[in-house]
Amino acid sequence: MRIAARADELQALRELGTLEQTEPRAGDEAVRDELTRRAGGYVQDDVDDWLAHALAAHRGHYRDPAAREAAAGLLTLPVLAHAALLAELARLVPGADVDQLTFAGRLAATEPEAADELAAFLTRAHSDR
């Protein structure tokens with residue numbers, strides 16, 4: 001019942017264009033699945049982007065390391081790869097605007113393994129400095 005209510009809330013926020021300003025809460029991974037189910041299995045790119053950005057920036061309940069770790073078992077590979085790539089790109093170019101990083105979402109959606117490998121490569125490059 002809570003998942004359905006939160007799905008209704010997120011849908012309303014999407015329609016208002018304020019989803020990206022919303023803090024994620026515990027259980028939003030299941031809400032993502034509910035929104036996908038409601039859309040007949042169609043992946044909700046804006047919801048995936050929102051979750052990836054929140055995970056990368058440690059916003060909302062993702063501030064908690066345990067919640068970030070749990071998300072790894074609850075979110076899809078494209079969302080996780082997108083988050084990892086965003087985190088590394090933000091570290092590489094701290095002042096980068098979200099609009100400048102839209103390519104990361106496209107890469108993660110079409111080639112999640114490659115995006116994940118790129119994030120790992122950037123992590124290694126950063127730690128080798």
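The values are calculated or read from the model by the stated rules, or taken from the named source; none is laboratory data. The model shown is predicted, which means the values in this text are computed figures rather than measured ones. Backbone-built Cβ (ideal geometry, glycine too); neighbour counts: all protein chains shown. All accessible areas refer to the heavy atoms of the entire protein, side chains included, with ligands and DNA or RNA removed. Shrake-Rupley method; radii C 1.70, N 1.55, O 1.52, S 1.80 Å.
Values computed for the structure shown
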| quantity | calculated |
| --- | --- |
| Subset of segment 16-42 (residues that are touching a residue at least 40 places away in the same chain (Cβ under 8 Å) and of a type outside the set (D, E, K, R)) | A26, A30 |
| Close pairs (6 angstrom Cβ cut-off, 6 or more residues apart or separate chains): under 20 Å from D49 (Cβ atoms) in segment 1-15, of a type in the set (S, T, N, Q) and not in a helix (DSSP H, G or I) anywhere | L13/T22 |
| Members of segment 1-38 found to be surrounded by fewer than 12 Cβ atoms within 10 Å (Cβ to Cβ) and aliphatic (A, V, I, L, M), listed by number | M1, A4, A5, A12, L16 |
| Contacts under 7 angstrom Cβ, first residue in segment 78-104 being farther than 9 Å from A56 by Cβ, partner among the charged types (D, E, K, R), 6 or more apart | P78/D48; V79/D48; A81/D116 |
| Qualifying positions in segment 39-59 - surrounded by fewer than 17 Cβ atoms within 10 Å (Cβ to Cβ), over 17 Å from A4 (Cβ atoms) and of a type outside the set (A, V, I, L, M) | G41, Y42, D45, D46, H58, R59 |
| Residue in segment 98-129 that is least open to solvent (accessible area, probe 1.4 Å), counting only those that are within 16 Å of the chain's Cα centre (by Cα) and among the acidic types (D, E) | D116 |
| Matching residues in segment 18-42 - criterion: being among the small types (G, A, S) and either closer than 22 Å to R68 by Cα or within 17 Å of the chain's Cα centre (by Cα) (or both) | A26, G27, A30 |
| Where P78 falls short, out of the listed (1) open to solvent by less than 70 Å² (accessible area, probe 1.4 Å); (2) closer than 18 Å to I3 by Cα; (3) of a type outside the set (G, A, S) | (2) |
| Subset of segment 1-46 (residues that are closer than 17 Å to L74 by Cα and of a type in the set (S, T, N, Q)) | T36, Q44 |
| Residue list for segment 60-75, filter: open to solvent by less than 50 Å² (accessible area, probe 1.4 Å) and either closer than 19 Å to A114 by Cβ or of a type in the set (D, E, K, R) (or both) | L75 |
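Conditions tested, residue by residue: (1) closer than 21 Å to G105 by Cβ; (2) among the aliphatic types (A, V, I, L, M).
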residue: L13; (1), (2): yes, yes
residue: T22; (1), (2): yes, no
residue: A30; (1), (2): no, yes
residue: L35; (1), (2): yes, yes
residue: D46; (1), (2): yes, no
residue: D49; (1), (2): yes, no
residue: H53; (1), (2): yes, no
residue: A56; (1), (2): yes, yes
